[in-house]
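Derivation of every value follows stated rules applied to the coordinates shown; laboratory data play no part. Since we're looking at a predicted model, the values are computed, not measured. When we count neighbours, we look across all protein chains shown, and the Cβ atoms used for this are built from the backbone with ideal geometry, even at glycine.
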Ligand code: ES4
Ligand code: ZN
């Protein structure tokens, strides 16, 4: 069997996926028509052509503009349902999905609207093909910690639907230490913790995420290689890294995919995983991210199997459920 076929056939988990980043240009276009939202694009092709970025910020500007077409319960249902159907096609049996409540509450779209849309799609996928999903509520780090605390309070009626807390958006200038108190509160409430760190930000932000936020997993984290002591710690503690190769390429975190360090980190014994981040914006869902590793870095079958096993090991599934996959 070819490696491409094996990539498709192996049951996989995805641990780093922003649901707002799975909005397809076609759905974006249809929802803009439905709600009469004015877009700076004349058709779906122009939306696709706008997906050219040179930095995290240039991407985020388009990502937040795109999310503005999500208005009612059914919009959030369609968004989640499309991604879950894609999971079925790609043999992603478990996904830990991030959503950004502040992107919606800031526009006066309340928790009740997006949570019910998400839940309706998730329940259907669980029932129809046994898909397993956990939700990660992510705070926008360019906003204040007080805003994150307010958001944590607003989410109270939905705590049983949320498994973990995350931290995303513009990294530079917004270090993890800014969110120490809200992460401590979330931990006391029993949530697992993750944070984006060491994507565009320096390795110091990874130290802070580990030492000040007490995270269970790092999103991206590829810049841990710049600090030997940090690299050793991440390896010893087996702190998982959710790496997103096509995202790193599109946002110019690496100049060339041939230079990506994911297989080097894997071979050095770190618990690294492959993920798609914002698949419609970065040019590929999960399987495409694995395929790129084969095509550009010469990933072999052993490395592929390790990465896939890691995706379950690093998940927040209970040990019994994990044991089924690893
Ligand atoms: C994101 Cl790639 C990335 N980094 C930080 N925040 C994000 N939100 C959505 N995608
Ligand atoms: Zn991300």
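How much length, in nm to one decimal, is gained on full extension between residue 52 and residue 296, taken as 0.36 nm per residue of separation minus their Cα-Cα distance?
Additional length available on full extension: 85.8 nm.
What is the distance, in nm, between label points placed 7 Å from the Cα along the Cα-to-Cβ direction at residue 238 and at residue 44?
Placing both labels 7 Å along Cα→Cβ, they lie 4.5 nm apart.
Using a 10 angstrom cutoff on alpha carbons, build the Gaussian network for the chain and name the most mobile of 153, 60, 230.
Maximum among the listed residues: 153.
Taking just the alpha-carbon atoms of segment 1-80, what radius of gyration and Dmax come out, in angstrom?
15.6, 49
Relative to a virtual label point 7 Å from the Cα of residue 216 in the Cα→beta-carbon direction, which members of segment 1-37 show backbone nitrogen distances below 18 Å?
13-18
Please give the peptides 140-148, 265-273, 242-250 ranked by average Cβ packing (other Cβ atoms within 10 Å per residue), highest first, as a rough proxy for protection.
Put in order of decreasing packing, that is 242-250, 265-273, 140-148.
Report the residue, chosen from 66, 21, 298, that carries the largest GNM mean-square fluctuation when the chain is represented by alpha-carbon nodes joined by springs under 10 Å.
298
Sticking with the crude label model, points 7 Å out along Cα→Cβ, report the distance from residue 188 to residue 36 in nm, one decimal please.
A separation of 4.8 nm, rounded to one decimal place.
Please find, in a Gaussian network model of the chain (springs between Cα atoms separated by less than 10 Å), the residue of 71, 86, 223 whose mean-square fluctuation is greatest.
So, out of 71, 86, 223, the one fluctuating most is 86.
For residue 229 paired with residue 153, estimate the spin-label separation in nm (one decimal), with each label point 7 Å from Cα along the Cα-to-Cβ line.
Rounded to a tenth, the inter-label distance reads 3.9 nm.
Classify segment 122-262 from the C-alpha gyration tensor, please: rounded if a/c falls under 1.5, else prolate or oblate depending on whether a/b exceeds b/c.
Taking the square roots of the gyration eigenvalues as a ≥ b ≥ c, segment 122-262 is oblate.
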